[in-house]
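This report concerns only the one structure given below.
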Amino acid sequence: MSVRRLADEAIQPAEFAFSNDNLKWAERKIAEYPAGRQQSAVIPLLMRVQDQQGWISRAAIEKIAQMLGMAYIRVLEVATFYTQFQLKPVGTNAHIQVCGTTPCMLRGAEALREVCQNRIHHDPFHTNAEGTLSWEEVECLGACVNAPMVAIGHDTYEDLTVERFEEIVDAFAAGKGKSIEPGPQVNRLHSAAEGGATTLTEKPTATRTRIEFPPPPAPAPAAAAAPAPEAKVPPADKPARKSPAKKPQGDA
(Lines give C-alpha, C1' and ligand atoms only; values in the text may rest on other atoms or scores of the structure.)
Protein backbone atom coordinates (compact mmCIF):
# COMPACT_ATOMS: atom_id res chain seq x y z
CA MET A 1 0.00 0.00 0.00
CA SER A 2 1.29 3.45 -0.90
CA VAL A 3 1.36 6.55 1.28
CA ARG A 4 -1.77 8.59 0.59
CA ARG A 5 -1.13 12.29 0.01
CA LEU A 6 -2.96 15.05 -1.81
CA ALA A 7 -2.11 15.69 -5.44
CA ASP A 8 0.61 18.13 -6.37
CA GLU A 9 -0.33 21.80 -6.02
CA ALA A 10 0.24 22.30 -9.74
CA ILE A 11 -2.94 20.35 -10.56
CA GLN A 12 -5.07 21.48 -7.62
CA PRO A 13 -8.07 23.59 -8.67
CA ALA A 14 -8.42 26.98 -7.03
CA GLU A 15 -11.94 26.28 -5.74
CA PHE A 16 -14.70 23.70 -5.65
CA ALA A 17 -18.47 24.06 -5.81
CA PHE A 18 -21.18 21.44 -5.92
CA SER A 19 -23.51 21.47 -8.89
CA ASN A 20 -27.03 22.65 -8.13
CA ASP A 21 -28.41 19.11 -7.94
CA ASN A 22 -25.52 17.85 -5.82
CA LEU A 23 -25.77 20.87 -3.51
CA LYS A 24 -29.44 20.11 -2.86
CA TRP A 25 -28.54 16.48 -2.28
CA ALA A 26 -25.78 17.46 0.17
CA GLU A 27 -28.11 19.74 2.12
CA ARG A 28 -30.69 16.95 2.42
CA LYS A 29 -28.01 14.50 3.51
CA ILE A 30 -26.72 16.85 6.23
CA ALA A 31 -30.30 17.38 7.47
CA GLU A 32 -30.70 13.63 8.00
CA TYR A 33 -28.41 13.79 11.03
CA PRO A 34 -29.57 15.13 14.41
CA ALA A 35 -28.50 18.55 15.60
CA GLY A 36 -24.86 18.56 16.59
CA ARG A 37 -24.12 15.39 14.57
CA GLN A 38 -23.94 16.84 11.06
CA GLN A 39 -20.23 16.05 10.83
CA SER A 40 -21.25 12.40 10.38
CA ALA A 41 -22.12 13.34 6.77
CA VAL A 42 -18.45 13.79 5.88
CA ILE A 43 -18.06 10.43 4.08
CA PRO A 44 -21.24 10.76 1.94
CA LEU A 45 -20.25 14.29 0.97
CA LEU A 46 -16.71 13.27 0.03
CA MET A 47 -18.09 10.49 -2.14
CA ARG A 48 -20.44 12.96 -3.81
CA VAL A 49 -17.46 15.18 -4.59
CA GLN A 50 -15.71 12.23 -6.21
CA ASP A 51 -18.82 11.35 -8.22
CA GLN A 52 -18.91 14.92 -9.53
CA GLN A 53 -15.27 15.60 -10.39
CA GLY A 54 -13.68 12.15 -10.33
CA TRP A 55 -11.31 12.76 -7.41
CA ILE A 56 -10.94 14.64 -4.12
CA SER A 57 -9.13 17.99 -4.35
CA ARG A 58 -7.83 20.23 -1.58
CA ALA A 59 -10.48 22.83 -2.42
CA ALA A 60 -13.21 20.19 -2.08
CA ILE A 61 -11.93 19.17 1.35
CA GLU A 62 -11.94 22.81 2.43
CA LYS A 63 -15.49 23.24 1.09
CA ILE A 64 -16.81 20.22 3.00
CA ALA A 65 -15.05 21.34 6.19
CA GLN A 66 -16.82 24.69 5.85
CA MET A 67 -20.22 23.10 5.20
CA LEU A 68 -19.96 20.76 8.20
CA GLY A 69 -18.23 23.12 10.62
CA MET A 70 -15.19 20.83 10.84
CA ALA A 71 -11.51 21.59 11.05
CA TYR A 72 -9.81 21.08 7.69
CA ILE A 73 -7.43 18.49 9.17
CA ARG A 74 -10.39 16.32 10.29
CA VAL A 75 -11.79 16.07 6.77
CA LEU A 76 -8.28 15.50 5.41
CA GLU A 77 -7.85 12.60 7.84
CA VAL A 78 -10.97 10.90 6.48
CA ALA A 79 -10.08 11.50 2.84
CA THR A 80 -6.55 10.12 3.22
CA PHE A 81 -7.61 7.11 5.33
CA TYR A 82 -10.10 5.41 2.99
CA THR A 83 -8.80 4.00 -0.29
CA GLN A 84 -12.22 4.53 -1.87
CA PHE A 85 -11.29 8.23 -2.18
CA GLN A 86 -8.96 9.19 -5.01
CA LEU A 87 -6.62 12.05 -4.15
CA LYS A 88 -5.52 12.83 -7.68
CA PRO A 89 -7.08 12.57 -11.16
CA VAL A 90 -7.74 9.00 -12.34
CA GLY A 91 -9.18 7.42 -15.46
CA THR A 92 -12.19 9.30 -16.77
CA ASN A 93 -14.14 6.11 -17.55
CA ALA A 94 -12.99 3.91 -14.69
CA HIS A 95 -10.48 3.54 -11.90
CA ILE A 96 -10.10 -0.17 -11.17
CA GLN A 97 -9.23 -1.32 -7.65
CA VAL A 98 -7.85 -4.86 -7.59
CA CYS A 99 -8.19 -6.64 -4.25
CA GLY A 100 -4.84 -8.13 -3.22
CA THR A 101 -5.71 -9.61 0.17
CA THR A 102 -5.03 -13.30 0.88
CA PRO A 103 -8.31 -14.90 -0.38
CA CYS A 104 -8.17 -12.98 -3.65
CA MET A 105 -4.43 -13.59 -3.99
CA LEU A 106 -4.97 -17.33 -3.61
CA ARG A 107 -7.72 -17.23 -6.24
CA GLY A 108 -5.86 -15.34 -8.95
CA ALA A 109 -5.51 -11.66 -8.02
CA GLU A 110 -1.96 -11.56 -9.40
CA ALA A 111 -3.25 -12.49 -12.85
CA LEU A 112 -5.84 -9.68 -12.64
CA ARG A 113 -3.11 -7.24 -11.71
CA GLU A 114 -1.12 -8.34 -14.78
CA VAL A 115 -4.15 -7.61 -16.95
CA CYS A 116 -4.16 -4.04 -15.60
CA GLN A 117 -0.42 -3.70 -16.20
CA ASN A 118 -0.74 -4.94 -19.78
CA ARG A 119 -3.93 -3.15 -20.81
CA ILE A 120 -3.78 0.10 -18.79
CA HIS A 121 -0.31 0.99 -17.48
CA HIS A 122 2.52 -0.88 -15.82
CA ASP A 123 2.36 1.31 -12.71
CA PRO A 124 -0.70 1.98 -10.53
CA PHE A 125 -2.35 5.42 -10.54
CA HIS A 126 -1.16 6.06 -14.10
CA THR A 127 -3.75 6.31 -16.85
CA ASN A 128 -3.70 4.61 -20.21
CA ALA A 129 -2.75 6.60 -23.29
CA GLU A 130 -6.33 7.83 -23.76
CA GLY A 131 -6.65 8.85 -20.11
CA THR A 132 -9.79 6.75 -19.70
CA LEU A 133 -8.56 4.00 -17.36
CA SER A 134 -6.32 3.70 -14.30
CA TRP A 135 -5.83 1.08 -11.59
CA GLU A 136 -4.40 0.31 -8.16
CA GLU A 137 -4.14 -2.61 -5.75
CA VAL A 138 -6.07 -2.31 -2.49
CA GLU A 139 -6.75 -4.36 0.60
CA CYS A 140 -9.93 -6.32 1.34
CA LEU A 141 -13.00 -5.24 -0.61
CA GLY A 142 -15.34 -7.33 1.53
CA ALA A 143 -16.44 -10.23 -0.70
CA CYS A 144 -13.80 -12.82 0.14
CA VAL A 145 -16.04 -15.79 -0.63
CA ASN A 146 -16.39 -14.44 -4.20
CA ALA A 147 -12.65 -14.00 -4.76
CA PRO A 148 -11.00 -12.73 -6.88
CA MET A 149 -12.72 -9.40 -7.29
CA VAL A 150 -12.27 -5.77 -8.27
CA ALA A 151 -14.13 -2.55 -7.47
CA ILE A 152 -15.00 0.11 -10.01
CA GLY A 153 -16.77 3.17 -8.66
CA HIS A 154 -19.63 2.08 -6.40
CA ASP A 155 -19.77 -1.48 -7.77
CA THR A 156 -17.81 -4.69 -7.31
CA TYR A 157 -17.18 -7.40 -9.91
CA GLU A 158 -16.58 -10.80 -8.39
CA ASP A 159 -15.67 -14.42 -9.26
CA LEU A 160 -13.41 -13.16 -12.03
CA THR A 161 -11.35 -15.10 -14.50
CA VAL A 162 -8.65 -13.48 -16.60
CA GLU A 163 -10.82 -13.74 -19.70
CA ARG A 164 -13.86 -12.19 -18.05
CA PHE A 165 -11.81 -9.41 -16.50
CA GLU A 166 -10.30 -8.54 -19.88
CA GLU A 167 -13.83 -8.20 -21.27
CA ILE A 168 -14.75 -5.87 -18.40
CA VAL A 169 -11.65 -3.73 -18.92
CA ASP A 170 -12.36 -3.46 -22.65
CA ALA A 171 -15.98 -2.50 -22.02
CA PHE A 172 -15.02 0.35 -19.68
CA ALA A 173 -12.28 1.50 -22.06
CA ALA A 174 -14.91 1.79 -24.79
CA GLY A 175 -17.26 3.75 -22.52
CA LYS A 176 -19.67 0.81 -22.21
CA GLY A 177 -19.12 -0.02 -18.55
CA LYS A 178 -22.85 0.18 -17.79
CA SER A 179 -23.39 -2.87 -20.00
CA ILE A 180 -21.55 -5.03 -17.45
CA GLU A 181 -23.71 -6.38 -14.66
CA PRO A 182 -21.94 -5.89 -11.31
CA GLY A 183 -21.64 -8.63 -8.71
CA PRO A 184 -20.69 -12.29 -9.32
CA GLN A 185 -19.62 -13.06 -12.87
CA VAL A 186 -20.59 -16.73 -12.53
CA ASN A 187 -23.90 -18.50 -11.97
CA ARG A 188 -24.48 -17.66 -8.36
CA LEU A 189 -26.74 -15.35 -6.38
CA HIS A 190 -24.68 -12.98 -4.24
CA SER A 191 -22.53 -15.33 -2.14
CA ALA A 192 -24.67 -18.46 -2.50
CA ALA A 193 -23.23 -21.68 -3.86
CA GLU A 194 -22.22 -21.57 -7.51
CA GLY A 195 -24.83 -23.18 -9.71
CA GLY A 196 -27.67 -22.76 -7.24
CA ALA A 197 -28.73 -24.18 -3.90
CA THR A 198 -27.16 -27.45 -2.79
CA THR A 199 -28.99 -27.91 0.51
CA LEU A 200 -32.63 -27.72 1.60
CA THR A 201 -33.71 -28.39 -1.96
CA GLU A 202 -36.59 -30.75 -1.06
CA LYS A 203 -40.03 -29.40 -0.36
CA PRO A 204 -40.86 -29.76 3.35
CA THR A 205 -43.43 -32.47 4.12
CA ALA A 206 -43.89 -31.94 7.84
CA THR A 207 -47.00 -30.17 9.05
CA ARG A 208 -46.62 -27.51 11.66
CA THR A 209 -49.14 -27.55 14.46
CA ARG A 210 -49.67 -24.82 16.94
CA ILE A 211 -50.28 -25.86 20.55
CA GLU A 212 -52.13 -23.36 22.65
CA PHE A 213 -50.69 -23.12 26.15
CA PRO A 214 -53.00 -21.94 28.96
CA PRO A 215 -51.99 -18.64 30.47
CA PRO A 216 -50.21 -18.85 33.82
CA PRO A 217 -52.43 -18.43 36.92
CA ALA A 218 -52.75 -14.99 38.38
CA PRO A 219 -50.53 -14.41 41.42
CA ALA A 220 -52.24 -14.84 44.83
CA PRO A 221 -53.04 -11.62 46.67
CA ALA A 222 -50.54 -10.68 49.32
CA ALA A 223 -51.54 -11.55 52.92
CA ALA A 224 -52.63 -8.63 55.11
CA ALA A 225 -49.96 -7.55 57.56
CA ALA A 226 -50.67 -8.40 61.25
CA PRO A 227 -51.35 -5.35 63.48
CA ALA A 228 -48.46 -4.21 65.63
CA PRO A 229 -48.81 -5.07 69.38
CA GLU A 230 -49.89 -2.21 71.59
CA ALA A 231 -47.30 -0.78 73.99
CA LYS A 232 -47.96 -1.57 77.67
CA VAL A 233 -48.50 1.54 79.78
CA PRO A 234 -48.04 1.18 83.61
CA PRO A 235 -51.06 2.12 85.76
CA ALA A 236 -51.21 5.69 86.90
CA ASP A 237 -51.07 4.72 90.67
CA LYS A 238 -47.98 2.58 90.19
CA PRO A 239 -44.81 4.44 89.27
CA ALA A 240 -42.55 2.97 86.70
CA ARG A 241 -39.67 0.92 87.99
CA LYS A 242 -36.39 2.77 88.01
CA SER A 243 -33.08 1.20 87.20
CA PRO A 244 -30.79 0.86 90.22
CA ALA A 245 -28.21 3.59 90.52
CA LYS A 246 -24.71 2.54 89.71
CA LYS A 247 -22.29 2.42 92.64
CA PRO A 248 -19.54 4.95 92.14
CA GLN A 249 -16.14 3.44 91.65
CA GLY A 250 -13.54 4.23 94.26
CA ASP A 251 -11.65 2.77 97.26
CA ALA A 252 -13.38 -0.14 98.96
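The values are calculated or read from the model by the stated rules, or taken from the named source; none is laboratory data. Source: prediction; values computed, not measured. Here the Cβ positions follow ideal geometry from the backbone for every residue, glycine too, while neighbour counts run over all protein chains shown.
Candidates T132, T102, T80: the one that is more than 23 Å from the chain's Cα centre (by Cα), of a type in the set (S, T, Y) and surrounded by fewer than 21 Cβ atoms within 10 Å (Cβ to Cβ) is T132.
Taking the criterion of being without any contact (Cβ under 8 Å) to a residue 40 or more places away in the chain, in a loop (DSSP other than H, G, I, E, B) and surrounded by fewer than 10 Cβ atoms within 10 Å (Cβ to Cβ), the residues of the stretch 9-58 that qualify are P34, A35, G36. Please work out if V75 is within 20 Å of the chain's Cα centre (by Cα), of a type in the set (A, V, I, L, M), outside the structural domain of D159 (by TED's automatic domain parsing) and closer than 27 Å to M149 by Cβ. For V75, the condition - within 20 Å of the chain's Cα centre (by Cα), of a type in the set (A, V, I, L, M), outside the structural domain of D159 (by TED's automatic domain parsing) and closer than 27 Å to M149 by Cβ - is not met. Contact map, the stretch 194-219: first residue free of Cβ contacts under 8 Å to residues at least 60 places away in the same chain and surrounded by fewer than 10 Cβ atoms within 10 Å (Cβ to Cβ), second residue hydroxyl-bearing (S, T, Y) and part of a loop (DSSP other than H, G, I, E, B), Cβ cut-off under 8 Å, separation 6 or more or different chains; the map is empty. State whether one or more residues within the stretch 36-43 are at pLDDT 95 or above and under 28 Å from L133 (Cα atoms). Yes, the stretch 36-43 contains at least one residue that is at pLDDT 95 or above and under 28 Å from L133 (Cα atoms).
Residues in the stretch 8-30 that are in contact with a helix residue (DSSP H, G or I) (Cβ under 8 Å, 6 or more places away or on another chain) and among the hydrophobic types (A, V, I, L, M, F, W, C): A14, F16, A17, F18, W25, A26, I30.
Selection of the stretch 169-189 for residues being free of Cβ contacts under 8 Å to residues at least 40 places away in the same chain and touching a Leu at 6+ places or on another chain (Cβ under 8 Å) yields only Q185.
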